[in-house]
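Here is the structure we will look at.
The values are calculated or read from the model by the stated rules, or taken from the named source; none is laboratory data. All of these numbers come straight from a predicted model, not from anything done at the bench. Virtual Cβ from ideal backbone geometry, glycine too; neighbours counted across all protein chains shown. Note: accessible area is taken over every heavy atom of the protein model, side chains too, but ligands, DNA and RNA are not part of it. Shrake-Rupley method; radii C 1.70, N 1.55, O 1.52, S 1.80 Å.
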Amino acid sequence: FGILPRYRIRIADLDMEIFGAIDRVDINVDNPNKFRIVDYKTGSRRYFEKKLRTNMGSRGNPDYDYSATEKFQFYIYKRALEEVLKTRSDLYPNPEIKEFTYIFADSYTSSAINIEFSNDFIKEIESRIIDLLNLDILEAEKEVMYEADVYSKCSYCDYKPICMADKEEVNKELEVE
């Protein structure tokens, strides 16, 4: 499909204008109305997937929940492709975008992550997006508490290099109170 023209997509009550390019769109050989979006990533899979999903299973038997994601790129791309396909109903009268695949350039054992789009999954993602859009940021900020002893969230935070949350500073504030 090449570089996308500007499209408007609606998520909840928010209209968003998007443009750019989708790395790759695969069309199912047996059913040309079924599609898969592929996005190439140059970074590390290990780092990326920490925000993409949570592991609901055990170490030897992982069960990933992608609906608890902090990343919504796959959903935005799905919505964008739906808009593109509306303009090509002559070729694809009943399009279904069935999955999204991230492919990583790193040497991690399995360098791909597949996300399947079921109706329940999409409803859960849309519900999470609506909750985020309706969030009163100023009110929610009052509820945020940095816990200096919980480093797992900080380890994978994109803002770690510039974040002012520092264990020594937090301890000083607690001592003053």
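Key figures
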quantity	calculated
Candidates ARG6, ARG36 - the one that is under 17 Å from PHE121 (Cβ atoms), touching a residue at least 12 places away in the same chain (Cβ under 8 Å) and not in a loop (DSSP other than H, G, I, E, B)	ARG36
Residue list for the stretch 19-70, restricted to those being among the aliphatic types (A, V, I, L, M) and more than 21 Å from LYS98 (Cα to Cα)	MET56
Selected residue [hydrophobic (A, V, I, L, M, F, W, C), over 15 Å from the mean Cα position of the chain (by Cα), crowded, with 16+ Cβ neighbours inside 10 Å and farther than 22 Å from ASP120 by Cβ] from VAL29, VAL84	VAL84
Within the stretch 33-46, tally of residues that are surrounded by 13 or more Cβ atoms within 10 Å (Cβ to Cβ) and out of contact with any Leu (no Cβ under 7 Å at 6 or more places or on another chain)	8
The stretch 67-80, subset free of Cβ contacts under 8 Å to residues at least 60 places away in the same chain and farther than 17 Å from GLU49 by Cα, residue surrounded by the fewest Cβ atoms within 10 Å (Cβ to Cβ)	TYR77
Flag if LYS50 is of a type in the set (D, E, K, R), surrounded by 11 or more Cβ atoms within 10 Å (Cβ to Cβ) and in contact with a Lys or Arg (Cβ under 9 Å, 6 or more places away or on another chain)	no
Qualifying residues in the stretch 87-112 (those that are modelled with pLDDT of 90 or more and closer than 22 Å to GLU49 by Cβ) - the one most open to solvent (accessible area, probe 1.4 Å)	LYS98
The stretch 9-25 - residue that is assigned to a strand (DSSP E or B) and open to solvent by 40 Å² or more (accessible area, probe 1.4 Å) and, of those, modelled with the highest pLDDT	ARG24
